[in-house]
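The values are calculated or read from the model by the stated rules, or taken from the named source; none is laboratory data. These numbers were taken from a predicted model, which means no experiment stands behind them. All Cβ positions, even for glycine, are placed from backbone atoms using ideal geometry, and neighbour counts span all protein chains on display. These accessible areas exclude ligands, DNA and RNA; they are computed on the full protein's heavy atoms, side chains included. Shrake-Rupley method; radii C 1.70, N 1.55, O 1.52, S 1.80 Å.
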Amino acid sequence: MKHKNKLKVFALAILMSVSSVAKAELVSVFDAINFKPAVDSSKFITLYDAELRPAGEWNTGFYIDWAHHPLELGTTGGTRSAGVLDDTVFIDIGGSYSFTNWFTVGARVPVGYYNYLGLTSTVARSLDESSFYLGDVALDFKFRLLKSQYVKLAVIPFVAFPTGKSTTFLGQGTVTGGGKIALDFDPHEKVKIGLNVGYRVKDEVIIRGADINDSLSAGLGVSWRVHDKISLIAEGQVEGVVKNLYSSEVQTPAEVGGAVRIHATPNLDVTVGGGAGLTLGVGTPDFRTFLGLNYTHHNSEEAPPPPVKKEIKKIVIDKVIYFNFDKSDIKKESMAILDDVASVLKSNPQIKKIRVESHTDAIGSEAYNQKLSQRRANSTVAYLVSKGVDTSRLEAVGYGKTRPIADNKTEAGRAQNRRSEFNVVEQ
């Protein structure tokens with residue numbers, strides 16, 4: 001990318017002509033690191049979704065981010081004269097814990113693995129350079145405000161502590177804080193659209209007419225689960241100084257980014273992606289790349305295997321039979337349940353015929369759910385036959401979403417409606 005029209009100097013860079021003055025003004029100036037990933041198991045990257053996880057669930061992970069030319073000096077003609085931060089590599093370590101179903105606390109610790117100060121002036125030589133830098137440590141508090149079938153809303157207050165070095169543009173030099181509103185739309189079970197709007201309170205710093213002050217941010221993201229193991233993510237964010245909002249491009253950093261998220265296991269996600277700057281705003285790089293890993297602990301994993309019990313007219317299982325996403329392939333974690341069902345049938349030959357019934361929730365069209373439930377009922381019968389149950393004793397029926405047993409307007413109700421039943425039709 002050419003550096004013409006690249007005024008990431010931020011007006012601030014002009015003051016570096018006099019090193020003694022510059023050094024004094026660099027203290028407690030600003031944080032030029034704009035990549036701040038969400039600390040919970042968000043469906044996005046730097047945006048937060050409005051989901052809150054079950055009580056007791058926790059996650060931890062990290063992102064490695066490389067940004068190229070996030071802060072530069074330029075001439076009034078728009079030509080690059082030197083780099084302030086030519087390249088930064090940060091490791092963001094984060095995690096969260098759900099205290100209740102409506103309240104989660106998260107933390108983020110950014111560590112600069114490599115930070116190149118491209119200046120050759122006496123100012124650069126006066127800065128304390130080292131191989132590692134700590135950024136501003138932050139805490140997030142997430143509260144659920146609204147949860148419906150298609151729309152979710154959460155508020156996220158946050159506070160950041162001045163642990164970063166403002167002399168190397170990696171910290172605000174003082175405590176900052178604010179809040180975000182996260183709004184989600186779920187137009188389809190595979191797609192999530194998220195909107196974040198936030199306000200950050202910061203100390204005002206005016207450098208040669210450029211004002212760093214309280215800021216207003218907005219971001220939009222889309223997450224699309226294209227496969228059981230893969231999601232595609234796209235998002236964009238812009239932040240502007242509230243005073244003279246969006247009137248100065250160097251005070252309005254904006255970026256877009258995208259990523260592929262691999263759901264390696266039910267607990268582990270791997271995210272690979274990159275982004276690019278849209279404006280000349282401070283901290284906006286020419287481009288960036290990142291790699292993230294996130295591990296989520298689910299309480300349900302520690303629950304004992306669900307029992308299989310026989311009633312007079314029905315064999316009841318107490319847990320959902322899981323299938324691969326949008327398919328009829330039975331997941332491995334459900335095979336032990338069906339093994340128990342096969343064992344009950346083989347040890348009770350007096351049961352002559354069993355109807356395997358598959359049901360879905362209300363998301364999706366009636367025709368689609370009908371066909372999907374029938375395929376899944378057929379797969380369940382095929383699995384029982386493979387375990388030694390005579391095929392003449394089995395019948396497969398898919399009912400789609402026509403026989404709900406709970407309210408489809410709630411997530412808990414939909415989970416109950418996604419079920420399999422084994423009804424005795426002949427003894």
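Some observations on this one:
- Theoretical gain in end-to-end length, Lys346 to Tyr368 [0.36 nm per residue, Cα-Cα removed]: 4.6 nm
- Computed E for Lys190/Thr402 - FRET, C-beta separation, R0 22 angstrom, nearest 0.05: 0.45
- Ligands, DNA and RNA excluded, the heavy atoms of Trp66 present near 90 Å² of accessible surface to a 1.4 Å solvent probe.
- Accessible carbon and sulfur surface of segment 130-239 relative to its total accessible area, %, 1.4 Å: 67 percent
- At q = 0.22, 0.24, 0.27, 0.32 Å⁻¹ the log10 of I(q)/I(0) for segment 244-295 amounts to -0.76, -0.82, -0.92, -1.09, computed by Debye summation with a single uniform scatterer per C-alpha, solvent ignored.
- Among the listed pairs Lys36/Lys332; Lys192/Lys332; Lys332/Lys352; Lys142/Lys165, those beyond 30 Å (Cα-Cα): Lys36/Lys332
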